[in-house]
Amino acid sequence: MLNTLLVAVAVTAGLIALVGVPLRAWQFQTGRFRPDIPRHALARATFSVFAVLFLVPNLAAWAYAVYTAHADFTCLESCEAARMRTTITIGMLGCAYALLEGFLLTARRRARS
């Protein structure tokens, strides 16, 4: 029961990530997070490094999930496990996206004065 719940949560996060990853990439590219980061040089440098460390695997997982879904749903021959492969890749994308959102939650928080 718990395994089914964890897989369902990962796949749901993956479905959200299909829209969220390109949105976050656009936000990084246009600098929308720049005002939310503390003004310290070290904070800005570590945000830039970790943003790349989290965003690049997310973009790769997103591209692979889109490719797999396209390949599986345009399958013309015997495709018994085609939908399972798409589900697994979308679940992995959901896990990567959860890490990206967790990073953004901690990086954009403000210290209390």
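Points worth noting:
- Which listed residue, of Arg109, Arg85, is under 23 Å from Thr4 (Cα atoms), without any contact (Cβ under 8 Å) to a residue 40 or more places away in the chain and surrounded by fewer than 17 Cβ atoms within 10 Å (Cβ to Cβ): Arg85
- Residue in the stretch 34-50 that is under 13 Å from Ala96 (Cβ atoms) and of a type in the set (Gly, Ala, Ser) present: no
- When the stretch 17-33 is filtered for residues that are part of a helix (DSSP H, G or I), in contact with a Phe, Trp or Tyr (Cβ under 9 Å, 6 or more places away or on another chain) and not small (Gly, Ala, Ser), the ones remaining, listed by number, are Leu18, Val21, Pro22, Arg24, Gln27.
- Selection of the stretch 39-67 for residues being modelled with pLDDT under 90, among the polar types (S, T, N, Q) and in contact with a helix residue (DSSP H, G or I) (Cβ under 7 Å, 6 or more places away or on another chain) yields an empty set.
- Within the stretch 70-104, restricting attention to residues that are of a type outside the set (D, E, K, R) and not in a helix (DSSP H, G or I), the residue that is modelled with the lowest pLDDT is Ser78.
- Checked against (1) within 22 Å of Ile88 (Cα to Cα); (2) more than 18 Å from the chain's Cα centre (by Cα), Arg44 passes all but condition (1).
- Flag for Val9 being part of a helix (DSSP H, G or I), within 12 Å of the chain's Cα centre (by Cα) and not aromatic (Phe, Trp, Tyr): no
The values are calculated or read from the model by the stated rules, or taken from the named source; none is laboratory data. Since we're looking at a predicted model, the values are computed, not measured. Please note: Cβ atoms are built from the backbone with ideal geometry, for glycine as well, and neighbour counts cover all protein chains shown.
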